[in-house]
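Remarks on the structure that follows.
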Amino acid sequence: MNEEEFDQLSLPKDSANENLETQSRQKLAALFSIQLFELRDELQHDKGVDLFVELKRLGL
């Protein structure tokens, strides 16, 4: 693929705010044990909820 073909691709634009949000979610997610919590990303990007955290019951 040459540079002209690459420039014609419909790629998402970089956004400092979205990058910060992603970085923040990743750092927060690292604080939760995967055995005890289920983390779910938001379904659509907006100015509200960014992450859902569900408590799990230990399965034996």
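The values are calculated or read from the model by the stated rules, or taken from the named source; none is laboratory data. The structure presented is a predicted model; accordingly, all values stated were derived computationally and were not measured. Virtual Cβ from ideal backbone geometry, glycine too; neighbours counted across all protein chains shown. Each accessible area value is taken on the protein alone, full model and side chains, heavy atoms only, with ligands, DNA and RNA left out. Shrake-Rupley method; radii C 1.70, N 1.55, O 1.52, S 1.80 Å.
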Next on the checklist: Which trypsin sites (Lys or Arg not before Pro) in the chain sit in a loop by DSSP (not H, G, I, E or B) and have at most 11 other Cβ atoms within 10 Å of their own Cβ?
Outcome noted: LYS13, LYS47, LYS56, ARG57
Checklist outcome for this item: With a 1.4 angstrom probe the carbon and sulfur portion of accessible area for the chain, in percent, totals 54
Next on the checklist: Rounding to the nearest 10 and keeping the result within 0 to 90°, find how far the Cα-based axis of helix 16-29 lies from the longest principal axis of the chain.
Outcome noted: 30
Item to check | FRET efficiency, 1/(1 + (r/R0)^6) with R0 22 Å, evaluated for ASN17 and PHE37 via beta carbons | outcome: 0.30
Checklist outcome for this item: Counting only DSSP loop positions in the chain, the GluC sites (Glu not before Pro) whose Cβ has at most 13 other Cβ atoms within 10 Å are GLU42
Checklist outcome for this item: Here P(r) for the chain, Cα-Cα distances in 10 Å bins, as whole percents, is 17, 35, 22, 17, 7, 1
Checklist outcome for this item: Of SER33, SER24, ordered by accessible area with the largest first and a 1.4 Å probe, the sequence is SER24, SER33
